[in-house]
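Student: Questions regarding the structure given below will be posed in turn.
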Amino acid sequence: MLRRSRLVVFAALSTLALSALGLTGAIADPDGRHGTDEGHLLGSGESGKIELVDVVGLTDTPDLIADVTVSPDGNTAFLANWGEPDCAGPETGGQTSPDAGVYIVDISGVDQTDPAPGSEPKLIGFIPSHQDTRPGEGLQVVEITTASFSGDILVVNNELCGKNGKGGVSLFDVTDPLNPKKLSENFGDRAPGSRDSNEIHSAFAWDAGDNAYVVVTDNEELTDVDIFDITNPHRPRLVAEYDLNDFDVDQPGLGLTDSFLHDMVVKEINGQFIMLLSYWDGGYVLLNVDDPANAQFIGDSEFAAVDPQLLESLGVSLTPEGNAHQAEFTIDNRFIIGTDEDFAPYRTDDFKITSGAHSGTYPSSIVSGGQAPAILDDLTLNGPVVYGGYGCPDSAAIPTPESISGYIESLEPGEETILVLQRGPAGDSSAPEEACFPGEKAHEAALAGWDVMLFVNHHSGEAAGGEPFCGSGAFVDEIVAICTTHAAFHRLFDLAPLDAPWSYPENLALGTIGAEIEVGSIFDGWGYVHLFDANTLQELDTYAIPEAHDPAYAFGYGDLSVHEVAVDPQDPSLAYLSYYSGGLRAIQIQCSNPADTATCELMEVGSYLDPEGNDFWGVETFIGENGTTYILASDRDSGLWIFKDP
């Protein structure tokens, strides 16, 4: 029976629960979450193996909700409050919630055939994060039984969104979800001399018998696979850290060199603990972690030389983009389903210097978090460049386009104002004011009135002709951000020497006008789904929603990338996808010869997309007491959506 909980009434309070919200009334009606002016793909409701059961509105603030997880008994859901860009909570009923944190939702009555009054799913608690700190993709509840602890532990990642933020991982005892208790908070690996833990993007814990562990994504080090012993969750202990690039998991021949940990799961398979890691351009990687302090590399997947989904959808042959984001084993461990997240339906065409003594084509890429030239009216970035230095908040002030004599007057119709900003300086601790995220640099440039950021790699970050990498993150402006090499930087301004080894620093005045450039756009679709043989890591098939590979849906319909996958806990052939504005999708592994995985493919067998649109981030599954598979999805703009397999 469909029940939409349009009013969420606050229940019992605790120290870490609703009293922290400072709210006493009801959340506003979540209807009207989206509209066509918001740019969302609109749907017609449910179909196939997905049936909507209930909606628990938690907010009417766009983009506030992140991940979702569920307790082992299926009675309680936990959703990350990602926070607004400044980490402030939503205003509701004239009051403001604290900074980001975790919502606790009672869903114990969801599988009742004849639910009693008051048993509908409802918000029962809130765990606030540290000031200027927010959770995102690292939510998980795991049952741990060791000599030091027995019960359910909520695992929460921590990322910074303000000067007072704290990184690391936090653990809470949620055995009684009405009374969550802090076990340890903001622990993690630290930079030498620092008192604060590194930022953590995701986390996953597991009970290994006598011991328990949590693996985390370290945002700030190349050794980004950090494993902690949490046998005593009050006293976590770092036992190992790994850089999987030591196993040559990237594919430089395809330009896939941005290889880092994004997400991971650990599962006991045939008596061994196997970690499945989503390593972005490094693909999907398997480690044996029976002894986490001495993890053993098993193997990794390879991206095809030609993007298979793009070839199938449009008949276009382009290299793949990588972007291995998240993955799970099917319940029978025979297959792996992985999701490649990609928010840029266009990639950059060749980066060209079109004037001066060094005209030619040079390597380039989109800076992660920035936009491609495809957002420009003519899909093409072109015009003369201007040097802006390092561009950090504490760097020398960026000049405005109007302050540069003759620059604005020199622009032709359709050309943009283009600011060149350096990355780094890498490894130079004498200039800490020059070290910040590219998004922070872009924000300073946007405030100064520039249309486009052209980032250039630091001279110590590449060899001559190397692939460009200019960092990622912290973008708050929708602005074109392209990265090119340090060699191209020298040619743009005719700086000697033209090739490595380069002199440092470059004596180039801020506001210097350089050569003209041109960067076009090539449609390559949004992120999609992979099916692998779990034993061989051979890719078997891919899947994408039709709109994701149709240029007509590149703009104005929301994000049409897949985000996460959750496998069915009972049927090894089924899985469910959170597809942002593409809604919730059910896919099935169908094999013409069940004995031969090479004959298997992914087919859509169900979907849900609200008539007013959705924006699903997280997806989780569990088995109800009635034996039904339930699917939880977190809508970024509203809250918890509950579905079942009919």
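Student: Given (1) among the acidic types (D, E); (2) part of a loop (DSSP other than H, G, I, E, B); (3) over 20 Å from A205 (Cα atoms), where does D290 come up short, assuming only one miss?
Tutor: Going through the list (1) among the acidic types (D, E); (2) part of a loop (DSSP other than H, G, I, E, B); (3) over 20 Å from A205 (Cα atoms), D290 breaks only (3).
Student: Please find, among L160, L171, L244, the residue that is at pLDDT 95 or above and farther than 18 Å from D290 by Cβ.
Tutor: The conditions single out L171.
Student: Determine, yes or no, whether E268 is over 23 Å from S202 (Cα atoms), of a type outside the set (S, T, Y) and either in a loop (DSSP other than H, G, I, E, B) or not assigned by TED's automatic domain parsing to the domain that holds C470 (or both).
Tutor: no
Student: Moving to a separate point now. What pairs come out if I take residues in the range 394-412 that are touching a residue at least 24 places away in the same chain (Cβ under 8 Å) and buried (at least 16 other Cβ atoms within 10 Å of the Cβ) and pair them with residues that are in a helix (DSSP H, G or I) and of a type in the set (A, V, I, L, M, F, W, C) whose C-beta lies under 7 Å away, six or more apart or interchain?
Tutor: As it stands, the answer is I398/A445; P401/I408, since those pairs meet every condition given.
Student: Among the residues of the range 614-633, are any among the acidic types (D, E) and either within 25 Å of Y346 (Cβ to Cβ) or crowded, with 20+ Cβ neighbours inside 10 Å (or both)?
Tutor: The answer is yes, given that some residue of the range 614-633 is among the acidic types (D, E) and either within 25 Å of Y346 (Cβ to Cβ) or crowded, with 20+ Cβ neighbours inside 10 Å (or both).
Student: Restricting attention to the range 521-557, report how many residues are buried (at least 20 other Cβ atoms within 10 Å of the Cβ) and among the polar types (S, T, N, Q).
Tutor: 2
Student: So which residues in the range 327-373 are among the hydrophobic types (A, V, I, L, M, F, W, C), out of contact with any helix residue (DSSP H, G or I) (no Cβ under 8 Å at 6 or more places or on another chain) and modelled with pLDDT under 90?
Tutor: F343, I366, A372
Student: Moving on to the next point. Go through the range 591-631 and count every residue that is within 20 Å of P572 (Cβ to Cβ) and in a strand (DSSP E or B).
Tutor: 16
Student: Within the range 323-334, can one find any residue that is outside the structural domain of D263 (by TED's automatic domain parsing) and either crowded, with 23+ Cβ neighbours inside 10 Å or touching a Lys or Arg at 6+ places or on another chain (Cβ under 8 Å) (or both)?
Tutor: no
Student: Assess whether K163 counts as being assigned to a strand (DSSP E or B) and among the basic types (K, R).
Tutor: Here the answer is no, as K163 does not meet what is asked.
A quick yes/no check of all residues on (1) farther than 30 Å from F204 by Cβ; (2) assigned by TED's automatic domain parsing to the domain that holds H443; (3) modelled with pLDDT of 95 or more; (4) among the β-branched types (V, I, T):
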| residue | (1), (2), (3), (4) |
| --- | --- |
| T24 | yes, no, no, yes |
| G32 | yes, no, no, no |
| D37 | yes, no, no, no |
| V55 | no, no, yes, yes |
| D63 | no, no, no, no |
| A77 | no, no, yes, no |
| G83 | no, no, no, no |
| S97 | no, no, no, no |
| A100 | no, no, no, no |
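The values are calculated or read from the model by the stated rules, or taken from the named source; none is laboratory data. Since the structure is predicted, the reported quantities are computational estimates derived from the model, not experimental observations. Reconstructed Cβ throughout: ideal geometry from the backbone, glycine too, with neighbour counts over all protein chains shown.
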